[in-house]
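Report on the following structure.
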Amino acid sequence: MDQIKIGRFIAEARKSRGITQRQLADELSVSDKTISKWECGKGLPEVSLMLPLCGALNITVNELLTGERLSEADYRKKAEENMMELMEENRENKKRMALSVICGIITIIAVLSLIVIAAFIEMHAALRIAIIVFAVLTAAAGIGAACVLEVKAGYFECPHCKALFVPTTGEYVKGFHTLTRRRLTCPECGKTSMCRHRIVR
């Protein structure tokens, strides 16, 4: 979906109503920074806010996701296209998540194999050190690749404001985590908490 186009459409619909970003934000119980982010094309409204936003702007969800007013003739076609795009996005997120898990497993096997070789096979000290260094580099590269894949696989949901967001790779790597949650700062409400990883919207 074209976030820039959708953002411009939100701004146009808001201005046609003659209200400010702050007034729209108050209607939706979000911050004006959130409205600004949408209008700048830096993110899409989460699913729970789409109907209230459309109601406030007198547009349909289909028009919101398309980023333009639709005639009756175009409505059905665009609805199908939007549905297909959402399904494709969810499929890609699941694929990235699976690749992340596979990458992590391969990295663990490779690093453990190198450590076993360095520990139990007779060899010169210099070669043993080289293998250990290679194992460390392999671990760093594998974990880095898995993190990049996982951070792009879906979204994280803030438990406070329910916003969906994608953290930067740096924030993702530094955040304490469990299997399904990671400690992150929500860009919408600014609160730091254990955010749940969601593969689909």
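The values are calculated or read from the model by the stated rules, or taken from the named source; none is laboratory data. Since the structure is predicted, the reported quantities are computational estimates derived from the model, not experimental observations. FYI the Cβ positions are ideal-geometry reconstructions off the backbone, even for glycines, and counts take in every protein chain you see.
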Does Gln3 count as polar (S, T, N, Q) and either over 22 Å from Glu157 (Cβ atoms) or touching a Phe, Trp or Tyr at 6+ places or on another chain (Cβ under 8 Å) (or both)? no
So, first residue closer than 15 Å to Arg183 by Cα in segment 140-162, second residue of a type in the set (Val, Ile, Thr), Cβ within less than 7 Å, six or more apart or across chains; the pairs are Cys147/Thr169; Cys147/Val173; Val151/Val166; Val151/Thr169; Tyr155/Val166
Scan (1) outside the structural domain of Glu88 (by TED's automatic domain parsing); (2) surrounded by 15 or more Cβ atoms within 10 Å (Cβ to Cβ); (3) at pLDDT below 90 for the single condition Lys174 breaks and write down its number. (2)
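Output the residue which, of all residues in segment 4-31 that are among the acidic types (Asp, Glu) and either without any contact (Cβ under 8 Å) to a residue 12 or more places away in the chain or not in a helix (DSSP H, G or I) (or both), is farthest from Cys186 (Cα to Cα). Can you show your working first?
Quick first cut of segment 4-31, residues among the acidic types (Asp, Glu) only: 12, 26-27.
Still in the running and either without any contact (Cβ under 8 Å) to a residue 12 or more places away in the chain or not in a helix (DSSP H, G or I) (or both): 12, 26.
Values: Glu12: 27, Asp26: 19 Å.
Here the answer is Glu12.
Restricting the search to segment 68-80, which residues are part of a helix (DSSP H, G or I), surrounded by fewer than 15 Cβ atoms within 10 Å (Cβ to Cβ) and free of Cβ contacts under 8 Å to residues at least 12 places away in the same chain?
Matches in segment 68-80: Glu72, Ala73, Arg76, Lys77, Glu80.
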Only residues that are surrounded by 11 or more Cβ atoms within 10 Å (Cβ to Cβ) and farther than 25 Å from Ile143 by Cβ: list them for segment 108-129, please. Met123
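Here are some residues: Glu46, Glu63. Which one is touching a residue at least 60 places away in the same chain (Cβ under 8 Å) and in contact with a Leu (Cβ under 9 Å, 6 or more places away or on another chain)?
Glu46
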